[in-house]
Amino acid sequence: MRLMRRRTPVAVALLGLFASLPAAFAQQASQPTAPSAASSSSPSSAAGTSVPGTLREVQVQGAQDKTGFGANPSSLNRLPADLRDAPQSVTVINQAVMQSQGATSLASALRNVPGLTIGGAEGGQIGTNINLNGFSARTDIFLDGARDRAQYYRDTFALESVEVLMGPSSMLFGRGSTGGVINQVTKKPSLTPAGEVSLSASTTGLVRSTIDINRPLSDTSAFRIAAMGQQGDASTREQTKLKDFGLDASLKFGINTPTQVTLSALVQHNRDQPDYGVPPLNGHPVKVDRNLAYGFSDDRTISDIRAFSAVVQHKLTADTSIRNQTQYNDVTTDARETAPQSIGTLSAKGVFTPFSTGTTAVPAAAFTTLPLESLWVRQQSHDRTIHDKSLFNLTELNTKFQTGSIKHTLLAGFELGHDTYDNQAYYRNGSCAGVALNPAGGTSGYATCSPLLAPYQGNTPVTAPSLPGNLATASATTVAGYVNDTIELNPQWKLVGGVRQDHYRANIRNTVTSATTLAAENQTVDFTSVRAGAIWQPTPEQSYYVSYSTSFNPSLEQLVATTGSTQPLPPQKNKAYEAGGKWDMNDGNLSLTAAAFQITQTNARSQNSDGTYSATGTVRVNGVRAGVAGRVTDKLQLFGAYTHLDATITQGIAPGTLGKTPANTPKDAASLWATYAITPEWEIGGGTTYSAKRFANNTDLVQVGGYARLDAMVAYHQPKYDIRLNVFNLANRHYYDALIPSDGGRAVPGSGRAATVSFTYHL
């Protein structure tokens with residue numbers, strides 16, 4: 001495996017860590033120690049023993065464990081419960097971390113994962129759009145292991161944890177997963193009565209309340225209800241009002257019996273104001289007030305989310321179990337959104353002339369000398385009503401057996417899925433200073449233009465009525481089967497191998513056609529994904545691995561048009577090599593991880609200036625990552641990570657991209673969160689999120705500077721209640737949070753300094 005061309009100091013330190021830790025653990029292993037709770041339940045904690053991979057042992061958490069940042073088992077049957085047996089990097093952000101940081105959205109929780117950035121994706125900027133390790137992961141979000149592909153803003157009120165699997169994982173999850181997979185783990189019923197009610201208020205004006213109640217119904221059944229409501233301004237920026245509420249309910253029968261049935265339902269309603277950020281000028285985001293927004297006051301994104309799940313899990317024998325999961329998602333989004341499409345000048349006759357958007361060249365020097373007071377911005381509508389539905393059924397068989405002295409843990413699965421997607425586009429064609437902004441018969445949706453420093457922010461002008469445009473309807477069918485075997489040669493050595501066959505068929509229909517929009521598009525992809533790895537565990541506290549994996553991304557994966565001039569493009573193909581180590585320290589209360597990896601994507605695609613797409617590129621990412629999670633002492637906890645990404649477009653995916661860095665991919669990123677219990681009642685905490693400079697598009701012509709954001713926390717704990725103060729962006733740093741590649745590369749400024757006070761009462 002070819003690693004980075006140039007080693008950073010952290011990379012050198014990682015190499016030293018790999019070299020020194022085996023000896024250190026060997027010395028530790030020679031000392032007789034009592035087994036910890038974490039290691040005693042591990043498949044590798046004792047020679048000749050193993051834990052079934054499906055129905056896992058019931059774990060009783062004490063009060064200290066519930067507040068711990070580490071020692072998190074996997075929730076997925078497709079992964080071993082002990083993540084040391086997984087030959088890839090996995091980060092688990094549990095509820096204790098999210099509560100400590102005041103993270104209320106999935107996007108805010110994922111800031112704990114360096115190498116993961118927030119941004120737009122093909123098909124529009126709605127909801128939680130993610131780039132992971134330099135690749136889009138918008139359709140690689142899962143809910144309890146089932147694909148959650150719809151476009152909406154995801155909350156944390158119903159989540160127990162978030163699992164981030166790094167690297168191509170199509171063998172386990174099917175199409176997509178180039179940079180990795182994000183799995184949301186919802187709260188499940190248990191036989192232990194528990195409950196809490198919380199209320200929080202922010203200096204931005206946001207008020208939020210949540211409730212979480214778990215009650216047993218009998219010795220083998222229980223129910224759990226979580227609810228959320230919030231209203232106000234999400235940040236210090238203008239036009240970020242929201243009004244959301246949600247309910248998650250679940251029932252579980254047969255707890256601690258051979259047959260368990262879990263029924264769950266998530267219902268959520270969001271009414272948010274979208275933030276399309278600021279446009280570029282002279283190769284950087286235009287330097288205007290950080291809180292200035294370019295939408296209209298009647299902009300809104302209304303989403304109704306309905307997700308229903310039924311899981312039946314049956315233990316056939318002590319070593320064999322079968323699990324069936326049916327997941328139905330139905331999401332409707334009504335979006336009325338306005339974006340700053342371009343900056344330009346306005347003539348005395350009211351004619352708007354845009355500058356270059358940054359996709360082909362940096363604006364000429366003559367433009368850079370113009371004062372911002374003399375510039376105008378053209379505001380474009382991005383309106384659509386989307387109805388997204390999916391139905392998936394997954395059956396998995398887990399069994400353990402031996403062939404002589406060799407032990408096997410076999411996983412076999414069969415997946416059926418169907419997606420449908422309707423997107424009714426609308427446009428608002430308007431004028432500026434009485435002059436039409438759109439050509440006759442055009443549907444560009446330019447609504448108006450405004451002074452750059454004082455944009456029009458009232459309701460949509462009456463001169464820009466909303467009219468229907470193209471109606472795109474799409475559907476896709478997935479049929480897949482897979483098998484994976486973990487082979488234990490002896491207590492120190494394991495081999496992992498798996499193969500999956502996917503049959504993916506998709507079609508799209510458009511009512512409005514053009515040179516770049518076809519009336520019909522059809523695509524059928526048959527792809528074989530593989531996974532292989534070797535794991536060496538010289539002691540129960542340490543694990544080293546190497547792995548190889550592949551994945552694929554059909555061009556119609558998002559059920560939106562990504563075509564060439566006449567037909568869908570071939571699927572992107574991805575392969576990855578990874579080598580890493582995982583170490584448990586402090587009696588299993590603290591975990592360290594490190595890895596070096598390479599991901600290569602061929603048939604990489606990019607949108608051309610004429611609206612079509614090309615799939616002729618190659619993107620290669622060489623990187624290293626390191627992480628820490630858990631208790632250093634009884635009072636000090638850490639949760640942090642560092643990622644270095646050397647990402648390069650080695651074969652141009654569009655003119656001017658050869659040798660460039662892919663959009664929204666910082667070379668270095670890090671996060672660290674620490675808490676310290678001064679007394680049993682008082683706790684303080686703080687941390688930083690760092691990102692090096694990024695580029696807003698693949699031509700690297702719009703650059704967004706690096707930043708380091710500081711956050712702080714102080715909490716007061718009592719048996720019946722907790723009071724917590726979180727301060728975000730403590731130094732009031734002006735930075736850019738999300739990047740949107742379209743229109744030359746827009747950048748969304750992060751919130752200024754804000755504080756939230758939370759009160760939680762334990763029922």
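Anything in the range 730-763 that is outside any loop (DSSP other than H, G, I, E, B), within 24 Å of residue 208 (Cα to Cα) and either free of Cβ contacts under 8 Å to residues at least 60 places away in the same chain or of a type in the set (D, E, K, R) (or both)? List them, or say none.
Once the filter is applied, which keeps residues that are outside any loop (DSSP other than H, G, I, E, B), within 24 Å of residue 208 (Cα to Cα) and either free of Cβ contacts under 8 Å to residues at least 60 places away in the same chain or of a type in the set (D, E, K, R) (or both), the range 730-763 yields only 737.
Kindly establish whether residue 447 is at pLDDT 95 or above, touching a Gly at 6+ places or on another chain (Cβ under 6 Å) and either under 23 Å from residue 558 (Cβ atoms) or crowded, with 18+ Cβ neighbours inside 10 Å (or both). Give the derivation first.
Details: at pLDDT 95 or above: yes; touching a Gly at 6+ places or on another chain (Cβ under 6 Å): yes; either under 23 Å from residue 558 (Cβ atoms) or crowded, with 18+ Cβ neighbours inside 10 Å (or both): yes.
When the stated conditions are applied, residue 447 passes them.
Among the residues of the range 617-639, what is the count of those that are part of a strand (DSSP E or B) and without any contact (Cβ under 8 Å) to a residue 60 or more places away in the chain?
Total meeting the criteria: 5.
Exactly one condition in (1) over 28 Å from the mean Cα position of the chain (by Cα); (2) in a loop (DSSP other than H, G, I, E, B) is false for residue 293; which is it?
Of the numbered conditions (1) over 28 Å from the mean Cα position of the chain (by Cα); (2) in a loop (DSSP other than H, G, I, E, B), the odd one out for residue 293 is (1).
Looking at 423, 393, which one is assigned to a strand (DSSP E or B), at pLDDT below 95, among the polar types (S, T, N, Q) and within 25 Å of residue 176 (Cβ to Cβ)? Outline the logic, then answer.
Values: 393 fails: at pLDDT below 95.
Unique residue meeting the criteria: 423.
Keeping to the range 691-706, report how many residues are buried (at least 20 other Cβ atoms within 10 Å of the Cβ) and in a strand (DSSP E or B).
4
In this structure, is residue 168 of a type outside the set (Ser, Thr, Tyr) and at pLDDT 90 or above? Give the derivation first.
On the way: of a type outside the set (Ser, Thr, Tyr): yes; at pLDDT 90 or above: no.
Answer is no for this residue.
Take the residues of the range 500-529 that are β-branched (Val, Ile, Thr) and buried (at least 16 other Cβ atoms within 10 Å of the Cβ): which is farthest from residue 579 (Cα to Cα)? Can you show your working first?
Quick first cut of the range 500-529, residues β-branched (Val, Ile, Thr) only: 508, 511-513, 516-517, 524-525, 528.
Within this subset, residues satisfying the condition of being buried (at least 16 other Cβ atoms within 10 Å of the Cβ) are 508, 517, 525.
Details: 508: 40, 517: 43, 525: 30 Å.
Per the criteria, the residue is 517.
For every residue, the table says whether it meets (1) modelled with pLDDT of 90 or more; (2) in a loop (DSSP other than H, G, I, E, B).
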position: 31; (1), (2): no, yes
position: 58; (1), (2): no, yes
position: 97; (1), (2): yes, no
position: 117; (1), (2): no, no
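Provide a single number: the residues in the range 437-465 that are assigned to a strand (DSSP E or B) and either more than 23 Å from residue 517 (Cβ to Cβ) or acidic (Asp, Glu) (or both).
If we filter the range 437-465 for residues that are assigned to a strand (DSSP E or B), which is where we start, we get 446-451.
Retained after the next criterion (residues that are either more than 23 Å from residue 517 (Cβ to Cβ) or acidic (Asp, Glu) (or both)): 448-451.
Summing the residues that are assigned to a strand (DSSP E or B) and either more than 23 Å from residue 517 (Cβ to Cβ) or acidic (Asp, Glu) (or both) in the range 437-465 gives 4.
Could you tell me whether any residue of the range 403-417 is touching a Lys or Arg at 6+ places or on another chain (Cβ under 8 Å), among the charged types (D, E, K, R) and crowded, with 18+ Cβ neighbours inside 10 Å?
The answer is yes, given that some residue of the range 403-417 is touching a Lys or Arg at 6+ places or on another chain (Cβ under 8 Å), among the charged types (D, E, K, R) and crowded, with 18+ Cβ neighbours inside 10 Å.
If I filter the range 286-304 down to residues being crowded, with 23+ Cβ neighbours inside 10 Å and not hydroxyl-bearing (Ser, Thr, Tyr), which single residue comes out as nearest to residue 412 (Cα to Cα)?
In this case the residue turns out to be 299.
Could you check residue 160 against (1) under 30 Å from residue 621 (Cβ atoms); (2) touching a helix residue (DSSP H, G or I) at 6+ places or on another chain (Cβ under 7 Å); (3) in a strand (DSSP E or B) and say which number it fails?
Here residue 160 meets the rest and fails (1).
Where in the range 480-588 are the strands (runs of 3 or more DSSP E), entirely inside, with at least 3 residues that are among the aliphatic types (A, V, I, L, M) and either touching a strand residue (DSSP E or B) at 6+ places or on another chain (Cβ under 8 Å) or at pLDDT 95 or above (or both)?
Passing ranges, in order: 493-510, 520-539, 572-585.
Kindly indicate which of 586, 574, 664, 603 is surrounded by fewer than 19 Cβ atoms within 10 Å (Cβ to Cβ) and not β-branched (Val, Ile, Thr).
586
Return the total of residues in the range 707-733 being surrounded by 15 or more Cβ atoms within 10 Å (Cβ to Cβ), within 30 Å of residue 662 (Cβ to Cβ) and out of contact with any Phe, Trp or Tyr (no Cβ under 7 Å at 6 or more places or on another chain).
3
Can you tell me which residues in the range 418-442 are of a type in the set (Ser, Thr, Tyr) and either surrounded by 18 or more Cβ atoms within 10 Å (Cβ to Cβ) or in contact with a Pro (Cβ under 9 Å, 6 or more places away or on another chain) (or both)? Can you show your working first?
Start the filter on the range 418-442 by keeping residues that are of a type in the set (Ser, Thr, Tyr), which leaves 420-421, 426-427, 431.
Hits for the range 418-442 are 421, 426, 427, 431.
Among the candidates 620, 625, 631, which residue alone is among the charged types (D, E, K, R) and over 25 Å from the mean Cα position of the chain (by Cα)?
Residue meeting the stated conditions: 631.
Report whether or not residue 179 is under 30 Å from residue 240 (Cβ atoms) and either buried (at least 24 other Cβ atoms within 10 Å of the Cβ) or in contact with a Lys or Arg (Cβ under 9 Å, 6 or more places away or on another chain) (or both).
Values: under 30 Å from residue 240 (Cβ atoms): yes; either buried (at least 24 other Cβ atoms within 10 Å of the Cβ) or in contact with a Lys or Arg (Cβ under 9 Å, 6 or more places away or on another chain) (or both): yes.
Yes.
Residue 663 - would you say it is in contact with a Gly (Cβ under 8 Å, 6 or more places away or on another chain), among the aliphatic types (A, V, I, L, M) and outside any strand (DSSP E or B)?
So residue 663 fits the description; yes.
Just a yes or no: is a residue in the range 344-356 among the aromatic types (Phe, Trp, Tyr), over 27 Å from the mean Cα position of the chain (by Cα), at pLDDT below 95 and assigned to a helix (DSSP H, G or I)?
No, because not a single residue in the range 344-356 is among the aromatic types (Phe, Trp, Tyr), over 27 Å from the mean Cα position of the chain (by Cα), at pLDDT below 95 and assigned to a helix (DSSP H, G or I).
Yes/no per residue for (1) basic (Lys, Arg); (2) farther than 30 Å from residue 501 by Cβ; (3) in contact (Cβ under 8 Å) with a residue 60 or more places away in the chain; (4) in contact with a Cys (Cβ under 9 Å, 6 or more places away or on another chain):
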{"position": "415", "(1), (2), (3), (4)": "no, no, yes, no"}
{"position": "419", "(1), (2), (3), (4)": "no, no, yes, no"}
{"position": "432", "(1), (2), (3), (4)": "no, yes, yes, yes"}
{"position": "436", "(1), (2), (3), (4)": "no, yes, no, no"}
{"position": "441", "(1), (2), (3), (4)": "no, yes, no, no"}
{"position": "446", "(1), (2), (3), (4)": "no, yes, yes, yes"}
{"position": "453", "(1), (2), (3), (4)": "no, yes, yes, no"}
{"position": "457", "(1), (2), (3), (4)": "no, yes, yes, no"}
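The values are calculated or read from the model by the stated rules, or taken from the named source; none is laboratory data. These figures come from a predicted structure and were not determined experimentally. No Cβ is skipped: glycine too gets one built from the backbone with ideal geometry, and neighbour counts run over all protein chains shown.
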